[in-house]
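Reading through the structure tokens given below for one structure.
The values are calculated or read from the model by the stated rules, or taken from the named source; none is laboratory data. In this text the structure is predicted, and so the values were computed from the model without any measurement. Cβ atoms come from the backbone with ideal geometry, glycine included; neighbour counts cover every protein chain shown. Keep in mind that these areas ignore ligands, DNA and RNA; they rest on the heavy atoms of the full protein, side chains included. Shrake-Rupley method; radii C 1.70, N 1.55, O 1.52, S 1.80 Å.
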Amino acid sequence: MNDDFSKLKVSTDNGSNADSVTTELVANVDAQVTGTVARQSESIRPITSDDYSSCKPYIRDLMLLSYAVDNTLINYASMRLLLSMLSSSKLSLDHEFARANQPVGTVVPSFSEELSAAVVGDTPLMFERRSSESEQDGDTKRLLLTHNEFTYITEKSCWFSIAMEVLWQYLSSMPMIRLETVDIIQNMHNLTYQTLVCEDIICASLNCGDEKIAYESRQKFILLFSLMKNDRSALDLKQREFERPLFFMLDSLANKMDPFNCIARDWLAQVYKFKTTSRVLEPILRILLHPDTARTPIIFTKINISSIHHSQMHLYSQVYDSQRILYALNTLWNVLTTDPHQGLIRMANSSVSGCHELHLLYARHTNALAGGNFHDEVTVNSRAAQAPSFLELTIITCLNFLSSHYMMLPSVKLSQADIHGNQK
């Protein structure tokens, strides 16, 4: 953690435990931290002070307690409580939006039903009972976070960035709380699905000019990767991967002279050992199956003197990012050639059935290649017998790139870079 960030911390007794944290500390937290924060940084305040001052005092206290007090127990308890409130608030806001925009005749589950389905945890303090004669659902509850407070914390403050920096530091320095640290990091990453704020902190450390720090950061990422929950089969509880840091690791496989090649190879071996290959391959294949690479089949007949040859070809429906595709193909090649034996075995024995988004992309491409529209509604069967293995999907995807070409039509604007990229 850098010096400027360290100045935001307020010293307390490091030997204290939860029992020694008195109510007086909580009651007077503003007096303890406001002066320090005001002098050193406007860390959690927006451009205008109205948004910050409009937050309830205990909301502001939770934000400050999560990083500005040098006590891990207080930091983590504050983060968990605030993240739980944010998660529940988002669920409520999404539910209200769905109810307001539902088609006539559509039945939208009640908020309490969605809350139970989402398993957000035992957070009775997050809600207040709301009684209304017009409300059909007697279990509907009102969140303590207002819409303005939710927007301020998630969009107008730097709280997520500061909290993530605290967590990233604690991941290696506090071995006894690693599982809890990873759990909070995962929850925070899931909640900030529209931004890369959590990945920014990790990537900055991975890309540090100090080789020692960069190496230690890779060790921390491997620890984070190994301890993260790998439950991505439930659509409403999808766990978000740290994909940019993952590609940082994979990039080091390209060159044996890379200072981080050995640790990247060891990590990949660990991935194969614990059968988490899909978590590495899925981000690569999602790039290769991007909707921009959708194709349509065309049968060309070539007449020769002696015979008639038929060859199947595919035409791209639009221009795709060839540089991004080439990067994904090179990354896939590096993964496969690092340990071909183990890699092919794991790919052959791993099905895409548990990766819903990838399975859906594959189904859409298959439908397009059969003459349908890529964006037609398709359904995927979650049963492994109905889904290809990662090896099958990789082979099919690569063959499709080999047999695909651009349509040379006036309506398709192609640059020489696009044509050259596709040829490569």
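Of the residues L344, L358, L332, which single one is over 19 Å from H405 (Cβ atoms) and in contact with a Cys (Cβ under 9 Å, 6 or more places away or on another chain)?
Details: L344 fails: in contact with a Cys (Cβ under 9 Å, 6 or more places away or on another chain); L358 fails: in contact with a Cys (Cβ under 9 Å, 6 or more places away or on another chain).
On inspection, the qualifying residue turns out to be L332.
Kindly indicate whether any position in segment 170-178 is at pLDDT below 90, farther than 26 Å from F221 by Cα and open to solvent by 60 Å² or more (accessible area, probe 1.4 Å).
No.
In segment 54-70, which residues are of a type outside the set (A, V, I, L, M) and open to solvent by 10 Å² or more (accessible area, probe 1.4 Å)? Give the steps one after another, and end with the answer.
Kept after step one, since they are of a type outside the set (A, V, I, L, M), are these residues of segment 54-70: 54-58, 60-61, 66-67, 70.
Correct list: S54, K56, P57, Y58, R60, D61, D70.
Could you tell me whether A214 is open to solvent by 30 Å² or more (accessible area, probe 1.4 Å), in a helix (DSSP H, G or I) and at pLDDT 95 or above? I'd like the intermediate steps shown before the answer.
On the way: open to solvent by 30 Å² or more (accessible area, probe 1.4 Å): no; in a helix (DSSP H, G or I): yes; at pLDDT 95 or above: yes.
Here the answer is no, as A214 does not meet what is asked.
If you go through segment 124-169 one residue at a time, how many are open to solvent by 70 Å² or more (accessible area, probe 1.4 Å), at pLDDT 70 or above and either of a type in the set (S, T, Y) or assigned to a helix (DSSP H, G or I) (or both)? I'd like the intermediate steps shown before the answer.
Here is the first cut: in segment 124-169, the residues open to solvent by 70 Å² or more (accessible area, probe 1.4 Å) are 124-125, 128-131, 133-134, 136, 139, 141-142, 147-148, 155-156, 158.
After this cut, where a residue has to be at pLDDT 70 or above as well, the list is 147-148, 155-156, 158.
Those left that are additionally either of a type in the set (S, T, Y) or assigned to a helix (DSSP H, G or I) (or both): 147-148, 155-156.
Here the count works out to 4.
Pairs only if they're at least six apart or on different chains, beta carbon under 8 angstrom, first in segment 59-71 and on the phi < 0 side of the Ramachandran plot, second among the basic types (K, R); list them, first residue then second.
Listed pairs, sorted by first residue: Y67/K9; A68/K9; V69/K9; D70/K9.
Can you say whether A264 is at pLDDT 95 or above and over 26 Å from Q423 (Cα atoms), as far as the supplied structure shows?
Numbers: at pLDDT 95 or above: yes; over 26 Å from Q423 (Cα atoms): yes.
When the stated conditions are applied, A264 passes them.
Tell me, yes or no, whether segment 258-281 has at least one residue that is closer than 24 Å to F390 by Cα, open to solvent by 10 Å² or more (accessible area, probe 1.4 Å), of a type in the set (S, T, Y) and not in a helix (DSSP H, G or I).
Within segment 258-281, one or more residues are closer than 24 Å to F390 by Cα, open to solvent by 10 Å² or more (accessible area, probe 1.4 Å), of a type in the set (S, T, Y) and not in a helix (DSSP H, G or I).
Looking at (1) polar (S, T, N, Q); (2) at pLDDT 95 or above; (3) more than 28 Å from S84 (Cα to Cα), find the lone condition where S205 falls short.
(3)
Considering every residue within segment 386-403, establish whether at least one is under 24 Å from M347 (Cα atoms), assigned to a helix (DSSP H, G or I), open to solvent by 60 Å² or more (accessible area, probe 1.4 Å) and at pLDDT below 90.
If we filter segment 386-403 for residues that are under 24 Å from M347 (Cα atoms), which is where we start, we get 386-403.
Those left that are additionally assigned to a helix (DSSP H, G or I): 386, 390-402.
Now drop any that are not open to solvent by 60 Å² or more (accessible area, probe 1.4 Å), which leaves 386, 392, 395-396, 399, 402.
Cutting the leftovers down to at pLDDT below 90 gives us 386.
The answer is yes, given that some residue of segment 386-403 is under 24 Å from M347 (Cα atoms), assigned to a helix (DSSP H, G or I), open to solvent by 60 Å² or more (accessible area, probe 1.4 Å) and at pLDDT below 90.
Looking at segment 74-89, I want the residues that are in contact (Cβ under 8 Å) with a residue 40 or more places away in the chain and farther than 13 Å from E180 by Cβ and have a partner that is among the aromatic types (F, W, Y) and open to solvent by 20 Å² or more (accessible area, probe 1.4 Å) with Cβ atoms under 7 Å, at least 6 apart or on another chain. Which pairs are those?
Within 7 Å, the pairs are L86/F150; S89/F150.
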